[in-house]
Amino acid sequence: MTSNDNMNVIFIGKRHGRSRALPLNAGVIAGLAFLVAAILVAAGWAGYQFAVSTAETRQPTESEWVADWQQKLNQQRSEVSDIREGVQEQIDALTIRLGAIQGRLLRLDALGQRFVESGLVTSGEFNFDQPAAVGGPEDSVGGDSYSPSELTEMLDQLELLIDDREKQLRLLDQVSSRNRLEDELYLQGRPITWGWLSSRYGYRTDPFTGKRRWHGGVDLAGKEGSDIITVGAGVVTFAGDRFGYGNLVEVDHGGGLVTRYAHAKTVKVETGDVVQKGQVVALMGSTGRSTGPHVHFEVIRNGKTENPEKYITRASR
């Protein structure tokens, strides 16, 4: 060491025993100290990173594996539950639509049965109590089940078809009902099931006085107690005894048309009754101004009598 406090580092070579001195002042020492500190810090940081990496790659424990799988199973259960709920909602929606379609088909069957009963179609041709007969050979290739979307599309097409059939059948029912009503109101035929014409419409010799008198109807003689029937549907406006007519039934057919059935032995209806064409309203007798069992038949239009013979001989509709 010298007097100015400088330090010398002596390097001695292996060959020839030569030595070399390196002087160390304060700056060099400080630099060396900084370098050593930097190396130590870098080594510490490298050790920290190694420890973190080692911790991350550490194998999980058995309890950690179980917890992880339990979490995955719970998630799958939740997904399955959601799928099942969605499928059930689709099934419920399809079931509701099927119920509505079945109700509409029942109404169509009832309407078809009315056509059978009315005679528009024969029961042998259409049997609405049995399903439609279908069939065919079985295909050797197995069929596939329908998907929900395909079922939905089929239901859509079926509902459109039912809508169209309902409209057609409803229109046909209206036409049929109107035709039946017109047929019922159409005056035609004889007011008796058995008998003969005994006195015509117009002037005749009165059987009691022998004088020429007006006869506002026709007389149809027959067996006492035989049926007297209406020649058209209508409402009974009088049922009882009337002077000269004896027991009388009067039926209003609408449109200004009224028919009368007089001299009955027994009246079978009451005032206010709705009667159908061909319905028995009285039994033949000889009450009132009469010489024997017969029915006095009148047709009145707007308060004036008409010749009933044109209705008796009228062609049916």
Residues of segment 269-278 that turn out to be touching a strand residue (DSSP E or B) at 6+ places or on another chain (Cβ under 6 Å) and surrounded by fewer than 17 Cβ atoms within 10 Å (Cβ to Cβ), as a count: 5
Failed item, numbered, when W69 is tested on (1) at pLDDT below 75; (2) of a type outside the set (K, R); (3) not assigned by TED's automatic domain parsing to the domain that holds L160: (1)
Candidates R190, R180, R170 - the one that is among the basic types (K, R) and modelled with pLDDT of 75 or more: R190
One residue from V249, V267, V231 being hydrophobic (A, V, I, L, M, F, W, C) and within 44 Å of the chain's Cα centre (by Cα): V231
Index of the failed condition, S63 passing every other in (1) of a type outside the set (A, V, I, L, M); (2) surrounded by 10 or more Cβ atoms within 10 Å (Cβ to Cβ); (3) modelled with pLDDT of 75 or more: (2)
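Table: residues versus (1) free of Cβ contacts under 8 Å to residues at least 60 places away in the same chain; (2) over 19 Å from G189 (Cβ atoms); (3) β-branched (V, I, T).
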| position | (1), (2), (3) |
| --- | --- |
| K223 | no, no, no |
| V258 | yes, no, yes |
| V269 | yes, no, yes |
| Q276 | no, no, no |
| A282 | yes, no, no |
| T291 | no, yes, yes |
| V295 | no, no, yes |
| P308 | no, no, no |
| T313 | yes, no, yes |
Subset of segment 191-207 (residues that are under 17 Å from R260 (Cβ atoms) and among the basic types (K, R)): R200
Filtered residues of segment 228-250 (kept if hydrophobic (A, V, I, L, M, F, W, C) and closer than 20 Å to T313 by Cα): I228, I229, V231, A233
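The values are calculated or read from the model by the stated rules, or taken from the named source; none is laboratory data. Everything numeric here is computed off the predicted structure, so don't read it as measured data. Every residue, glycine as well, gets a Cβ built from its backbone with ideal geometry; the counts of neighbours run over all protein chains shown.
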